[in-house]
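The values are calculated or read from the model by the stated rules, or taken from the named source; none is laboratory data. The structure presented is a predicted model; accordingly, all values stated were derived computationally and were not measured. Don't worry about glycine lacking a Cβ; one is built from the backbone with ideal geometry, like all the others, and counts go over all protein chains shown. Accessible surface is based on the protein model in full, side chains and every heavy atom, while ligands, DNA and RNA are left aside. Shrake-Rupley method; radii C 1.70, N 1.55, O 1.52, S 1.80 Å.
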Amino acid sequence: MYRRVGQITIDGRFNGPEGSGNGGYTCGLIAGMFGSAVEVTLRRPPPLDRPLDVEREGERLLVRDGDALVAEAAPARVDVDVPESPSYEEAERAAERYPGFEEHAFPACFVCGPQREPGDGLRIFAGPLGDGRVASPWTPTEVSPELVWAALDCPGAIAVGYPDRGETLLGRFAVEIDELPRVGERCVVVGWPLGEEGRKLYAGTALFGEDGRQLASARATWILPLPL
């Protein structure tokens, strides 16, 4: 039995692909209504700038745009082996090799779009470290749980091979936040691959503070597009 518990609205600023919400930010908004560790599954591109109904069915939350199911959330834990953080300087050097500078399907993405101005988008540009991981520096100018979810999103796509493998889209995302970063703190975001199965590509991501302490971790399922 469904029970309506509220609404969420994804402000147009927090886009991913043009006209739809950034997956990580959207999942973070939904997680904020859940109240415990959660995994969010995106069923369709989240629409921007209009209220979406949130319903509860047992332990699940369902997010709807009218009759269309946009996302669902269920209890989950993040169970990944998190590698050590590179230094901020190593992350800066890796970001210089961000593949999105050469090719980007969504150049205005709130998280990783190079068209976004500093202080508007997060400008997290994860590039290869040379050991299978990718990393980017991030110095937040504003802080909230949903922004941490967003920061942990796009580096996972780079870790599983974007753009060489096509327009990967976030399908499922689980995040555990141990501590929010401070505004102005020199943080590092790291991503690494966790294997694949057919069109599903798995990634881990983590956020570290300027002293190397782990602030948050995540696991994600990325979906390759169907061949034309």
Item to check | Candidates Val78, Val63, Val143, ranked by Gaussian network fluctuation over the chain, Cα under 10 Å, top entry | outcome: Val143
Item to check | Residues with amide H under 5 Å from that of Leu215, placed H, sequence gap 5 or more | outcome: Leu207, Phe208, Gly209
Next on the checklist: Less than 10 Å Cβ to Cβ from Ser217, Lys/Arg counted +1 and Asp/Glu -1: what total charge do the surrounding residues give?
Outcome noted: -3
Item to check | Per residue solvent-accessible surface (Å²) - the chain, probe of 1.4 Å | outcome: 46
Item to check | Local electrostatic count, Asp67, Cβ distance below 13 Å [Lys/Arg +1, Asp/Glu -1] | outcome: 0
Next on the checklist: Using a 1.4 Å probe on the protein heavy atoms, what percent of the accessible area of the chain belongs to carbon and sulfur?
Outcome noted: 47
Checklist outcome for this item: Candidates for log10 I(q)/I(0) by the Debye sum over Cα atoms at q = 0.08 Å⁻¹ are (i) -0.25; (ii) -0.30; (iii) -0.34, and the calculated one carries label (i)
